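Working notes, beginning with the structure itself.
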Amino acid sequence: MKKFLIVGLGNIGPKYENTRHNIGFKVLDYIAKEENLDWETAKLGDITTYKFKGRSFILLKPNTYMNLSGKAVKYWMEKEKVDKENILVVTDDLNLPFGTFRIKPKGSSGGHNGLQNIQDTFSSGAFPRFRFGISDAFSKGRQVDYVLGEWTAEEESVMIERVPKAMEAIKSFGMAGINNTMNTFNGN
């Protein structure tokens, strides 16, 4: 069975639960709910496995906080023997319009501390990532407040459609490969 490690980036605890920075957790929680999966608290994170058409999607929510995500990703990648190209890191992105997807096989951190820590851990940016646009609708000097702020009612209403679409993109990553997934979901 082909294995994929799907990592949702976020911060643990109720204080961060509904924040923009936790979109990775939100997407994985949605998949777990839709597929009746139970999370297990294990080493360096909460984990569950979703099996679909001969594929095993290992869902990971690191409990290391955003800025130290690399340790959890590396540990579970090695423990589960998942190839780096079969990892997909789901994260927020200030540089994309709200609700827009950008899936890439590699890249820079773009100033995102969670991605930067994973890159530092791997000594490489060559791992797939799924950036979920949260927009840059904040005033100068208010970036931290914005990403750690909760979704507005308007954003929540859009999320009802975007989070299920993110689940489709993750399934596509495992079933159709990254190139087909990029062609189908990027910019949408």
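Each reported figure results from applying straightforward, stated rules to the coordinates on display, with no laboratory input. Bear in mind the structure is a predicted one, so any value in this text is a computation, not a measurement. Cβ placement follows ideal geometry from the backbone for every residue including glycine, while neighbour counts extend to all protein chains displayed.
In whole Hz and in residue order, list the ³J(HN,Hα) couplings for the range 156-172 that follow from phi through the Karplus curve 6.51 cos²θ - 1.76 cosθ + 1.60, θ = phi - 60°; x for Gly and Pro.
4, 5, 6, 4, 4, 8, 6, 5, x, 5, 4, 4, 4, 5, 5, 4, 4
Show me the GluC sites (Glu not before Pro) within the range 1-107 that DSSP assigns to loop and that have at most 16 other Cβ atoms within 10 Å of their Cβ.
For GluC sites (Glu not before Pro) across the range 1-107 that sit outside H, G, I, E and B with at most 16 neighbouring Cβ atoms in 10 Å, the list reads 17, 35.
Given 0.36 nm per residue, what is the gain on full extension from residue 156 to residue 38 after removing their alpha carbon distance, in nm?
The residue 156-residue 38 span can extend by a further 40.1 nm.
Excluding residue 58 itself, calculate the net charge of residues whose Cβ lies under 12 Å from the Cβ of residue 58, where each Lys or Arg counts +1 and each Asp or Glu counts -1.
Within the 12 Å Cβ shell, the charges total +4.
Quick one: compute the contact order of the range 1-125, relative version, from alpha carbon pairs under 8 angstrom and 6+ residues apart, as a percent.
31 percent
DSSP loop (so not H, G, I, E, B), at most 10 other Cβ within 10 Å: list which trypsin sites (Lys or Arg not before Pro) in the range 125-188 pass both filters.
Passing both the DSSP loop test and the Cβ count: 140.
Name the residues whose placed amide hydrogens come within less than 5 Å of the amide hydrogen of residue 2, ignoring near sequence neighbours (fewer than 5 apart) on the same chain.
56
Which entries in the list 53/74; 15/171; 3/71; 53/171; 33/79; 84/171 go over 21 Å, if you measure between the two C-alpha atoms of each?
53/74; 15/171; 33/79
Helix 69-80: angle to the longest alpha-carbon principal axis of the chain, degrees 0 to 90, nearest 10?
The helix 69-80 is inclined about 20 degrees to the chain.
So what is the 222 nm mean residue ellipticity for the chain from helices alone, if each DSSP H run of at least 4 adds -39500 (n - 2.57) and you divide by all residues, rounding to the nearest 500 deg cm²/dmol?
So the calculated ellipticity at 222 nm is -11500 deg cm²/dmol.
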